[in-house]
Amino acid sequence: MSPPFHSHAQPLSVLAGALAEAGARVHFASAPSFAPMAEEAGVGFVPLTVTRNANTGVARSTRQDAREAARLEEFLDSTRQGAVAALLAQARHRGEDLLSDPERVLAELRALHERLAPDWYVVDHLSYPVTLALHCLELPFATFCPGHPTYVPHRSDAFFGVPYAWPRAIRPAAGALAELRQAARANDVAFTERFAEVSRTHAPAAGPPGRAFALASRRAVVFNYPRFPWLPEHAPTGAELLYGGHCVPPAEPDPGAEWEAVVRRLRSAARRLVLIALGTFLSARSDVLKLLVRGVLSHVPDAAVVVAAGDGAPALARLSGPRVHVARVVPQRWLLRRADVMVHHGGNNSFTECVASGTPALVLPFSSDQFSIAHDAERAGLATCLDPSRLDPGEAGRAVDGLCSRPPEGMSRWTRELRRLGPDWIADRLLHAMEATGRHR
């Protein structure tokens, strides 16, 4: 069960396919526009929308009401002001994003269960109304954490929306961090009270759900992330914690002859290939994309560039030339096998896909858990990290040139580790964990 966000639905649909390959009968539940993902994974599809906010591939072009579109623009503006401003904007939006209409979701999930009667569920941790509904209905489920493992708060003084660590290039002032912690704590209290209210009203026998952001399966929690040795330990709950490394499908996608021709053309003009992609939301930051292209062209003379520009592709088309290809969307996993370096925003999919493919990265974190991921990538020797709100072309170009010349020291180790794991490994362990705890209970 996935919220209506492409970056969440994609890894969950891969896991759905792996569970089906392992012998389970699987249905993938998400927004109707993600039905093709279920078909590609070879599983059934159930339409389920758990929030008004959505992103079906490129955020600005996703059809949604005026309020959601305005909030997207407010968020994008906040990313220009720096890390804490972006995180505070997300904190203000959190109630509408993550806990809209829990009673409706509860009713829909009850009807779905009566119709399909699954043995158990896998739910995206950020689908808070779904997790609450599963608690109220006392149905067995596993939690899938789509981002950094600290999305599931690991201790009482850790708050959702406050990075557990920061990359060296980004060091917010103490006062700004205090303001962020206060906003996150207020959300924590408000969500927990709302969870308790829904549970008391609709499922008093289920017992109190406890702290809302920490509500997760007591059977199995899947982290779509490597198990770095410095990650904070989660308080024991009885759940099996599965660090699956990544949810990159083993088969390489075929983008067609057009993309083969693009890569041949760029390789004929330059020895190196750099992929620039800032994710489905942040591709709207055309100013940063332009800066990055200028930096690479000026400071890495033997490099060509592919840019994922989202809805800004027409405006950036004038950058196209012998060493630059601009597209609305790109076949990212396919290109990573052919790129020397990727520049990305620190999103979990981009991060784990880079590590799994062995591609060095320049990470520019803007929001959400991207600061924690950037810290880990830097500490593991997998990436260089810079502050996108204070970036200049020279700094960006020199960083990319350094990555082209000297691959990060930790890449080979962690790439080997992630290739040992992945969706098939997760599916096998998850089936075992859920069946074992089910028998015990």
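Being free of Cβ contacts under 8 Å to residues at least 60 places away in the same chain and within 30 Å of P47 (Cβ to Cβ) narrows it down to one residue among H113, H125; which is it? Can you show your working first?
Values: H125 fails: free of Cβ contacts under 8 Å to residues at least 60 places away in the same chain.
None of the others qualify; the one that does is H113.
Would you confirm, using the coordinates I've provided, whether A35 is at pLDDT 80 or above, surrounded by fewer than 17 Cβ atoms within 10 Å (Cβ to Cβ) and small (G, A, S)? Against the criterion (at pLDDT 80 or above, surrounded by fewer than 17 Cβ atoms within 10 Å (Cβ to Cβ) and small (G, A, S)), A35 qualifies. Scanning the range 409-428 for residues that are in contact with a helix residue (DSSP H, G or I) (Cβ under 9 Å, 6 or more places away or on another chain), closer than 27 Å to G23 by Cα and not aliphatic (A, V, I, L, M) yields E417, R419, G422, P423, D424, W425, D428.
Quick check: is even one residue across the range 300-318 at positive phi and assigned by TED's automatic domain parsing to the domain that holds G397? Working first, answer last.
Step one: filter the range 300-318 for residues at positive phi, giving 310.
When the remaining residues are screened for being assigned by TED's automatic domain parsing to the domain that holds G397, the result is 310.
Scanning the range 300-318, I find at least one residue that is at positive phi and assigned by TED's automatic domain parsing to the domain that holds G397, so the answer is yes.
How many of the residues making up the range 1-54 are of a type in the set (K, R) and either touching a residue at least 24 places away in the same chain (Cβ under 8 Å) or touching a His at 6+ places or on another chain (Cβ under 9 Å) (or both)?
Of all residues in the range 1-54, those of a type in the set (K, R) come to 25, 52.
In the following step, the residues that additionally are either touching a residue at least 24 places away in the same chain (Cβ under 8 Å) or touching a His at 6+ places or on another chain (Cβ under 9 Å) (or both) were identified as 52.
Final tally of qualifying residues: 1.
Filter the helices (runs of 4 or more DSSP H) completely within the range 291-399 down to those with at least 3 residues that are out of contact with any strand residue (DSSP E or B) (no Cβ under 7 Å at 6 or more places or on another chain).
Values: elements: 313-316, 332-336, 348-357, 370-379.
By residue number, 348-357, 370-379.
You will find that of R406, R416, R398, the residue that is closer than 27 Å to V293 by Cβ, over 15 Å from the mean Cα position of the chain (by Cα) and without any contact (Cβ under 8 Å) to a residue 24 or more places away in the chain is R406 and no other.
Search the range 252-286 for residues being of a type in the set (D, E) and in contact (Cβ under 8 Å) with a residue 24 or more places away in the chain, and hand back the single one that is nearest to A361 (Cα to Cα). Walk me through how you get there before you give the answer.
Here is the first cut: in the range 252-286, the residues of a type in the set (D, E) are 252, 254, 258, 260.
Those still in the list that are in contact (Cβ under 8 Å) with a residue 24 or more places away in the chain too: 252, 254.
Values: E252: 20, D254: 23 Å.
This residue is E252.
Can you find a residue that is in contact with a Pro (Cβ under 8 Å, 6 or more places away or on another chain), assigned to a loop (DSSP other than H, G, I, E, B), buried (at least 19 other Cβ atoms within 10 Å of the Cβ) and in the same structural domain as L137 (by TED's automatic domain parsing) anywhere in the range 226-234? Taking every residue of the range 226-234 in turn, at least one turns out to be in contact with a Pro (Cβ under 8 Å, 6 or more places away or on another chain), assigned to a loop (DSSP other than H, G, I, E, B), buried (at least 19 other Cβ atoms within 10 Å of the Cβ) and in the same structural domain as L137 (by TED's automatic domain parsing). Would a scan of the range 400-423 turn up a residue that is among the acidic types (D, E), under 19 Å from P149 (Cα atoms) and in contact with a strand residue (DSSP E or B) (Cβ under 6 Å, 6 or more places away or on another chain)? No, there is no match, as no residue in the range 400-423 is among the acidic types (D, E), under 19 Å from P149 (Cα atoms) and in contact with a strand residue (DSSP E or B) (Cβ under 6 Å, 6 or more places away or on another chain). Out of curiosity, is R294 over 23 Å from L364 (Cβ atoms), in the same structural domain as A356 (by TED's automatic domain parsing), surrounded by fewer than 21 Cβ atoms within 10 Å (Cβ to Cβ) and of a type outside the set (D, E)? Answer is no for this residue. When each of T143, T131 is tested for being among the hydroxyl-bearing types (S, T, Y), assigned to a strand (DSSP E or B) and closer than 24 Å to A235 by Cα, the lone residue that passes is T143. If we scan the range 317-325, do we find a residue that is among the polar types (S, T, N, Q) and crowded, with 19+ Cβ neighbours inside 10 Å? Scanning the range 317-325 turns up no residue that is among the polar types (S, T, N, Q) and crowded, with 19+ Cβ neighbours inside 10 Å.
The values are calculated or read from the model by the stated rules, or taken from the named source; none is laboratory data. All of these numbers come straight from a predicted model, not from anything done at the bench. In this analysis, Cβ positions are derived from the backbone assuming ideal geometry, glycine residues included, and neighbour counts consider all displayed protein chains.
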